[in-house]
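One structure is given here, and the rest of the page talks about it.
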């Protein structure tokens, strides 16, 4: 079978691709486990060089997800699954509304239409976000039964795509599942335009001996999850039997609700004698305002029931990052 | 000022137009009450003849709401307000998914972009529906704080447009308000493609001495509201001070939760000695299934607080219909 990952050369896209190559196969639309013979990573730009882990099954293609014809051409087989991760991120979406709508809404619709056009019933896993929650009307603990009141265009488009995934699935156009992601840690490499980018920087820069600037107060709270559990969640959600899912196909992934202070403490505990770069608080009202609108706590009973994974601890997430990247 | 009503030649569109002509003015983007010098009714088709009530302020134009250029041309002044009522209805949307997306989603986006393009901050009133609620995950009583879990493409596109109205408003692109309508009674004229069409027929056909066929069981429950209160709600929502609204601009309108039996009883009480056409139960599983997915009860505290009107009783709604149409 073929697997398409949109946003496939991003951090999570590449981690997911590696996990799928290692796994070797997935449940195909036929219902049986099939080996993956093609893994297509589609993204806005090709990486400067082909990743070292990419074997002959991997194809990398750059293009415009807001172009229906380009997206339709990706989904060119009936024995196919799609992980739709491509997205303008939160801070980026606040700065460019039109781009957020074009990539997140039109792009989503293009992916959903491409899957609908197949004669089979492809499984589609959509990467949503807990940024679908926020604002004055937000429940103290948000989960699968909480009203979605996004306070960013990013969150609004994620909520819209959750609705579309449910409706396309209800109509029998494809077999959709949405994973609602908390803040992902620890992203390697450079900061990105996500308002949450500093959360990975908080671990990454000090471990690299670099100074880290935190744009929010140390009591800022957010739900987080390690990338290994995120990738595991995507795959487990793909593999879940549709008969075990109800008419709401969206699941808040498991998470840890922590403060910036909790994360710094965990970093220091794991680092031990390792010399860390400095952590400096440098308030940025733009980022603080976005983070203040985020959920303060998240529940995830349906994800747990479905067996979606959670890291052992915040420390374990930091240890995994050191093992994988340092 | 100019007022645009999309879906303006439909039943509610025409009632709203008449109420606006009678009222004479609205709060303009400037913040002051301005007389309406142009009232543009935009719809998919022109009515066979110009309505008798339409004075020289009224323009009627037919076109395609899914065409951005046509919609932009409607919103051609800064002193303007838009009531966005155009929509594929519930039953129609279930039978033609693509049309529902084109009219309800693309059409909505076109209206929102046209208003955003103005230098002023036009008020936009969007007609949503309690069809945004439904399914196994639905709360026993649905209201402004309940999660939206639509079970029709109609309901999904309404939920999506509520999210868009909130986000365009948050971004300062226009000043939006959404009215979440229960089933509207009593629609005159012919049945339409709405799954709820029979609810008006239940009153209308017997009062006309015609036989009425009810496609659902007599204990089928739904929240309903009379068209006078619906129109009053649209106008009151338009006139509300933005400072009194929070970041969720969508309001469930007041409603009566009644059974088919309650409505037949109210009809008989109001009819008195009037000879009624026969009421026949003729089950239609397609319609019953849609109605079974609808809310069984609705709350509307925020609407009440804002002063949105509610009819005095179910009987009063029937009396209004007799006064207006018989």
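None of the figures in this text is laboratory data; all of them are computed from the coordinates on show. No experiment lies behind these values; they were computed from the predicted model shown. Note: ideal-geometry Cβ built from the backbone for every residue, glycine included; neighbour counts use all protein chains shown.
Under a plain spin-label model, where a point goes 7 Å from the Cα along Cα-to-Cβ, how far apart in nm are residue B:192 and residue B:22?
2.0 nm
Order of A:120, A:90 from fewest to most other C-beta atoms within 10 Å?
A:120, A:90
Do the sum for the protein assembly as shown: with -39,500 (n - 2.57) for every DSSP H run of n ≥ 4, divided by all residues, what is the mean residue ellipticity at 222 nm, to the nearest 500 deg cm²/dmol?
Calculated from helices alone, the mean residue ellipticity at 222 nm is -10500 deg cm²/dmol.
Evaluate the distance, in nm, between pseudo-label points positioned 7 Å from the Cα of residue A:45 and of residue A:145 along their respective Cα→Cβ axes.
It is 4.5 nm.
Assume the label is 7 Å from Cα along Cα to beta carbon: what separations in nm does residue A:288 have to the matching positions in the other copies?
From this label point to the equivalent ones elsewhere in the assembly: 6.0 nm.
Among A:11-20, B:107-116, A:275-284, how do they line up by average Cβ neighbours within 10 Å per residue, starting with the highest?
Output ranking for A:11-20, B:107-116, A:275-284: B:107-116, A:11-20, A:275-284.
Can you grab the distance from the C-alpha centre of region A:234-303 to the C-alpha centre of region A:34-72, Å, no decimals?
Region A:234-303 and region A:34-72 have Cα centres separated by 28 Å.
What FRET efficiency, computed as 1/(1 + (r/R0)^6) with R0 = 41 Å and r the Cβ-Cβ distance, is obtained for residue A:239 and residue B:120, rounded to the nearest 0.05?
Here the calculated transfer efficiency is 0.20.
Between residue B:62 and residue B:136, what's the calculated FRET efficiency when r is the beta-carbon distance and R0 is 35 Å? Round to 0.05.
The value I calculate is 0.30.
To one decimal in nm, how far is residue B:117 from the same spot in the other copies, if labels go 7 Å from Cα toward Cβ? Please give the shortest first.
Between copies, matching label points for residue B:117 lie 2.8 nm apart.
7 Å from Cα along Cα→Cβ at both residue B:53 and residue B:218: what's the point-to-point distance in nm?
Each label point is offset 7 Å from its Cα along the Cβ direction, giving 3.4 nm.
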